[in-house]
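Working notes for the structure below.
The values are calculated or read from the model by the stated rules, or taken from the named source; none is laboratory data. Since we're looking at a predicted model, the values are computed, not measured. When we count neighbours, we look across all protein chains shown, and the Cβ atoms used for this are built from the backbone with ideal geometry, even at glycine. We work out accessible area using only protein heavy atoms, side chains counted, and drop any ligands, DNA or RNA first. Shrake-Rupley method; radii C 1.70, N 1.55, O 1.52, S 1.80 Å.
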Amino acid sequence: MYRKSFILFFLCWLTLCHETFLVAQVPHFEEVSAERGIADVASITHLYGNGAAAADFDNDGDIDFYLTTDDGIPDRLYENDGTGHFTDVAQQKGILQTKNNRAALWFDYDGDGRLDLVVAGENCINLSCANPVRLALYRQLEDGNFVETTTEAGLVLGNAFDHVPFYAIGGFAAGDLNGDGQLDLLFMVWGGGIKLFQNNGNPTGAGFSFTDKTEAAGLTLEHKTPWQAMLHDFNGDGWLDIYCNVDFAPNKLWINKGASAAGDWRGFEDKTADYGLGNAFNEMGMTMADSDNDGDLDIYITNITRNYQGQDQYNLLYEQRLVNGQIKFKETARGQGVSQSGWDWGTTFADINNDGFQDLMTTNGLINYLWPADSSHLWLNTKAGFVDVSDQCGFNDKLNATTVLAFDMDGDGDQDILQTLKFSQFSHRPLRLLDNQLENAHNPGNFINLRPRMNGPNHFAIGSVVTVVADGLVSSRLLSAGCSFYGQEPAEAFFGLGKRDTVQEVMVKWPNGEVSIYPNPTINQTTILTYDFIRPPTNLTASIEDGQAKLTWQDNSADETAFVLYKSGTPDFAEGETIYLSENTTRYTDAVVPDNMPVYYRVRAFRPAVFSENSNTARIQPGGGTEAQARLNSVQPNPVANDILSIHSYAAYEGPIQFRLYDVSGSLVWSAETAKFTPFAKYDFTVHLPGGMYLLLVKMGGEEEWHKVVK
């Protein structure tokens, strides 16, 4: 209690004394379901409830959603009129689902730029029976109506889950897993395991179809109790990986092995232990975002707060870290104050007060006399930790709920909440719409909402990571298809900006691993970022000759308009000089450099609408001369012989330092990370490698400082 009071006092002090920041503002949510067009239903399922999938299915710029329902009740497709008022058009559009359904997912399976829909339900509930699981696939036609194509597309389970005791439908996830551009489909069944349906495309003109590739892809689950998977390129190699939460057993991270030299996709490999993601509680809901604003994605997973068989269990916040050159995840939920909230199901990250930090919410509920009613929770991200503001903001219901999603339903520049409900003796409401009243606050904050879009079958750029850089703010979001618990949020990235009135740049890492940078986008609106890519320069080198800096680099693009050279006195390039150079330039001579002051350089290629990634960073230290600079790091012998490579570091630097060695294919073959406690500390490494060509990168202070081709 003391810690929470202190944090709130500290936040209020920041708000009063530092008006350039917008922090600690807690908006209020109003329940508006009935007035926005959401009608009651005759019945709602009990234990697991029903979910919702939000997307702009009709491509008119606002967010609609699909709601699954109980047996005998038509599912609902709620179309948004642009002001946050909804009309059910499911029957009108040709979606005739009246069975018990739990999960739904929008994804463009036929690559025509229109969202299609897949729905999952149960033919018998939690019991052993024949053909227990039901899938239905609807293709959206050019006129906006839907036609069922389940059988034609081969999305048939047959007896795959026959006579599974105590099963339940899990969630969906979609993404291009085998690198052919088409969206593949993952489907989870609690008690039955996981299914991967590979999208075959339409190569013969006979129609789009799927093939079950679960076993061939190496997706083995020893304990067949998954709830939800999310797809993300964890190791940055341009191939989507799979992280799946598993109830009563260790979670799974399958790393995509990519394609062979012949172009054949090689499936997945279990690398859970390497990344530290194998927790074995009762994981249920899951969401991913940049919770600590360091530019990478963190993971939050809901659980049941309890002591189970002598083990304390709680929700998990996995923060991504880099340890000795390897990506690791550290569990920080208890230290951040978001570990305990009851019997949780759905969850999501969302910046509810537009201050630039991703806040966190969970929805709760179990209909069981042995478990007391518990509240939904909303934690404000203060950057110094999370603070529970559920009561202040009005997201503290004790209803039994399943899914929680965040999106701007009425286009007023803040994140609203959709929460699906289970059976209640007091109400037959299938969901709650909670309108964020932030626009009525004194300082509602600026925002930017981004929709990356690609040409080709993955039009909605599922699997992309969007990063915003704005006046000290760095924040990233994932575009996913499938999240929370029986849920889906739209393929867009919403960022609060606080009082920042400009965004310097937006970086999009596309599903294929390519990176595009868009400068100076307009704020306080939704912007479509059309796919555009330009290859970055590489092999930037810098040396001192006759008191001047001599720079050279490799031009890897045939169609750049120009190059931009950045020069700074600090490795983070927070301040410095920007120099514009003509296209096809590969060298530059800089002016005389002051003595004893390090200078950092990096280069980008650009066209008017898009920049490339940065080149590596080159550093010079005036006063040392070329020979002194060359002695900072060395590789012996060169060329590599006798399978032994010696790496020596004498760099005049104090702080963390990383060494990475890549082969000619770009694969990391060796890395080390340490700290230099004195500027002139010496490090020596011996690496056993076959003879050949390698590239050594030495990173100091988080930036690439020096590189050398080793032949």
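When the strands (runs of 3 or more DSSP E) confined to segment 297-355 are screened for residues that are open to solvent by less than 10 Å² (accessible area, probe 1.4 Å) and among the hydrophobic types (A, V, I, L, M, F, W, C), those reaching at least 3 such residues are found at 344-350.
Of all residues in segment 590-610, those being open to solvent by less than 90 Å² (accessible area, probe 1.4 Å), more than 36 Å from the chain's Cα centre (by Cα) and either at pLDDT 95 or above or of a type in the set (D, E) (or both) number 1. Of all residues being β-branched (V, I, T) and part of a loop (DSSP other than H, G, I, E, B) in segment 192-217, which is nearest to L127 (Cα to Cα)? Just the residue, please. Of everything passing the filter in segment 192-217, T214 is nearest to L127 (Cα to Cα). One residue stands out among those in segment 88-107 that are assigned to a strand (DSSP E or B) and touching a Gly at 6+ places or on another chain (Cβ under 8 Å): the one that is farthest from T402 (Cα to Cα), which is D88.
Cβ separations smaller than 8 Å between residues 6+ apart or across chains give the following pairs from segment 84-99 residues that are basic (K, R) to residues that are assigned to a loop (DSSP other than H, G, I, E, B) and modelled with pLDDT of 95 or more: K93/G144; K93/N145.
Residues checked against (1) at pLDDT below 95; (2) of a type in the set (S, T, N, Q):
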| site | (1), (2) |
| --- | --- |
| N512 | yes, yes |
| V515 | no, no |
| Y518 | no, no |
| I523 | no, no |
| T527 | no, yes |
| S543 | yes, yes |
| Q554 | no, yes |
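Out of the residues in segment 356-388 meeting the condition of being among the polar types (S, T, N, Q) and over 19 Å from D290 (Cα atoms), tell me which one is most open to solvent (accessible area, probe 1.4 Å). This residue is N368.
Screening segment 235-295 for strands (runs of 3 or more DSSP E) wholly inside it with 2 or more residues that are of a type outside the set (A, V, I, L, M, F, W, C) and modelled with pLDDT of 95 or more returns the ranges 241-246, 252-256, 268-270.
Scan segment 239-283 for residues that are buried (at least 22 other Cβ atoms within 10 Å of the Cβ) and of a type in the set (V, I, T) and jot them down. Those that are buried (at least 22 other Cβ atoms within 10 Å of the Cβ) and of a type in the set (V, I, T): I242, V246.
Table: residues versus (1) open to solvent by 50 Å² or more (accessible area, probe 1.4 Å); (2) at negative phi; (3) among the aliphatic types (A, V, I, L, M).
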| residue | (1), (2), (3) |
| --- | --- |
| L540 | no, yes, yes |
| Q548 | yes, yes, no |
| T552 | no, yes, no |
| S557 | no, yes, no |
| T561 | yes, yes, no |
| L565 | no, yes, yes |
| T570 | yes, yes, no |
| N584 | yes, no, no |
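Just one residue in the set I528, I523 is loosely packed, with under 14 Cβ neighbours inside 10 Å, out of contact with any Cys (no Cβ under 6 Å at 6 or more places or on another chain) and β-branched (V, I, T); that residue is I528. The number of residues in segment 370-391 being assigned to a loop (DSSP other than H, G, I, E, B), of a type outside the set (A, V, I, L, M) and modelled with pLDDT of 95 or more comes to 1. Taken over segment 56-83, the criterion of being assigned to a loop (DSSP other than H, G, I, E, B), of a type in the set (A, V, I, L, M) and closer than 20 Å to G411 by Cβ is satisfied by I63 alone. Annotation: of all residues in segment 96-111 being open to solvent by less than 10 Å² (accessible area, probe 1.4 Å) and among the polar types (S, T, N, Q), the one that is nearest to the chain's Cα centre (by Cα) is N101.
Which of the numbered conditions does T83 fail, given that it passes all the others? Conditions: (1) among the β-branched types (V, I, T); (2) open to solvent by 10 Å² or more (accessible area, probe 1.4 Å); (3) farther than 25 Å from R451 by Cβ. Only one criterion is unmet by T83, namely (3).
For segment 46-68, filtering for residues that are hydroxyl-bearing (S, T, Y), open to solvent by less than 10 Å² (accessible area, probe 1.4 Å) and at pLDDT below 95 leaves 0.
If you filter segment 146-191 down to residues that are more than 21 Å from A206 (Cβ to Cβ), touching a Ser or Thr at 6+ places or on another chain (Cβ under 7 Å) and in a loop (DSSP other than H, G, I, E, B), you find that the one that is most open to solvent (accessible area, probe 1.4 Å) is H163. Among the residues of segment 195-214, is there at least one that is free of Cβ contacts under 8 Å to residues at least 60 places away in the same chain, within 22 Å of G49 (Cα to Cα) and open to solvent by less than 10 Å² (accessible area, probe 1.4 Å)? No, segment 195-214 contains no residue that is free of Cβ contacts under 8 Å to residues at least 60 places away in the same chain, within 22 Å of G49 (Cα to Cα) and open to solvent by less than 10 Å² (accessible area, probe 1.4 Å). Of the set (1) β-branched (V, I, T); (2) surrounded by fewer than 16 Cβ atoms within 10 Å (Cβ to Cβ); (3) over 30 Å from I125 (Cβ atoms), all apply to T220 but (3). Taking (1) open to solvent by 40 Å² or more (accessible area, probe 1.4 Å); (2) closer than 25 Å to V119 by Cβ in turn, M286 satisfies each apart from (1). Name the residues in segment 112-126 that are at pLDDT 95 or above and open to solvent by 10 Å² or more (accessible area, probe 1.4 Å), would you? Answer for segment 112-126, where residues must be at pLDDT 95 or above and open to solvent by 10 Å² or more (accessible area, probe 1.4 Å): D112, G113, R114, L115. Would you pick out the residues in segment 459-514 that are surrounded by fewer than 20 Cβ atoms within 10 Å (Cβ to Cβ), assigned to a strand (DSSP E or B) and in contact (Cβ under 8 Å) with a residue 40 or more places away in the chain? Within segment 459-514, L473, V474, E505, M507 qualify.
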